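Peer 1: This is the structure, below, for whatever I ask next.
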């Protein structure tokens, strides 16, 4: 997430830091007469003042806050430990440490904003238990309010920071989606104004001339249809992150395809989902172009635990043995790149079974992580 999303929270935390510093100063002025080493207590307060200023500036401007938070926790614990030198111990058994517990809460606030609720509560436990240990009050832990208050601060601000991060991430995704949508629309307009018109013209003129140009007209028509289907799918928008494979396929498949999938969702990462759906669409495009009139297509999705298998089958004319190898040798890499290449890039495999008059069956296998 970008730094700007959390910056208002970090700056608000510095307002709390300033308030806690004023309180620490008031306590120091009011009670230092009871300390055994008054001069040392003022030295400690001066260090509190200096660090508070440095931290406020760094948190309000710096992007890399993790090192600052680590230093703050260490500085806070060291300054709290100075209580043992200021003494006397009998006084602090009934009073706050030096510096005050209120000021020490800043370390918990910083950890919670940086790392979330669990780390915030962990830092609260460290600071709170340290304060009780320094004052010799660990035996009264159930009656002291310091630790519960610090834990509540770490939990509340940690969850708050998590909500802000999630909201910022969703906003950034929406901005990227809007930009991608505008770019797709621009490309679609350019393709429509140039490539599609040329393909349509070649198809029309080739059919009119006849003879050897008829095959050229047919190829141009096939490519025009495929490109229009691609633009139509792109206009529908990108697939949802960690989306359901069955839902994504149902959105992408033509209405006349027979589709079957498990009742439970099969969730895949966005990149895997997008490439797998594209490979299935490419297999169906091949069926539409080469399986012959009246050929029907069937898509079956299976979740085998460690891998997902999508079977794309048709009852068309099929292909002679070795036809795909011949196409690659001739430099026609459509199937190789659009189907096999995609599955290889995903760490999976694409296997085809076909024979003349027996249709074609693609088995697309993708490995998935357990517990996805």
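The values are calculated or read from the model by the stated rules, or taken from the named source; none is laboratory data. Note that this is a predicted model, so its numbers are computed, not measured. All Cβ positions, even for glycine, are placed from backbone atoms using ideal geometry, and neighbour counts span all protein chains on display.
Peer 1: Among the residues of the stretch 84-113, which ones are without any contact (Cβ under 8 Å) to a residue 40 or more places away in the chain and not in a helix (DSSP H, G or I)?
Peer 2: Across the stretch 84-113, the qualifying residues are 94, 97.
Peer 1: Is it true that residue 274 is under 30 Å from residue 198 (Cβ atoms), at pLDDT 85 or above and part of a helix (DSSP H, G or I)?
Peer 2: yes
Peer 1: Here is a follow-up. Determine whether the stretch 338-356 contains at least one residue that is farther than 26 Å from residue 247 by Cβ, at pLDDT below 80 and outside any helix (DSSP H, G or I).
Peer 2: Taking every residue of the stretch 338-356 in turn, none turns out to be farther than 26 Å from residue 247 by Cβ, at pLDDT below 80 and outside any helix (DSSP H, G or I).
Peer 1: When both residues are 6+ apart or on different chains and their Cβ atoms are under 8 Å apart, which pairs have a first residue that lies in the stretch 305-332 and is part of a strand (DSSP E or B), and a second that is surrounded by fewer than 14 Cβ atoms within 10 Å (Cβ to Cβ) and at pLDDT 85 or above?
Peer 2: The qualifying pairs are 307/367.
Peer 1: Then there is this: For the stretch 284-294, give me each residue that is touching a helix residue (DSSP H, G or I) at 6+ places or on another chain (Cβ under 6 Å) and under 13 Å from residue 312 (Cα atoms).
Peer 2: Scanning the stretch 284-294 gives a single hit, 285.
Peer 1: Among the residues of the stretch 31-49, is any modelled with pLDDT of 90 or more, out of contact with any helix residue (DSSP H, G or I) (no Cβ under 8 Å at 6 or more places or on another chain) and more than 14 Å from residue 107 (Cβ to Cβ)?
Peer 2: yes
Peer 1: So which residues in the stretch 114-136 are surrounded by fewer than 18 Cβ atoms within 10 Å (Cβ to Cβ) and not in a helix (DSSP H, G or I), if there are any at all?
Peer 2: Within the stretch 114-136, 136 is the sole residue that qualifies.
Peer 1: Can I ask one more? So how many residues does the stretch 342-354 have that are surrounded by fewer than 16 Cβ atoms within 10 Å (Cβ to Cβ) and either within 27 Å of the chain's Cα centre (by Cα) or closer than 15 Å to residue 287 by Cβ (or both)?
Peer 2: Selection size over the stretch 342-354: 5.
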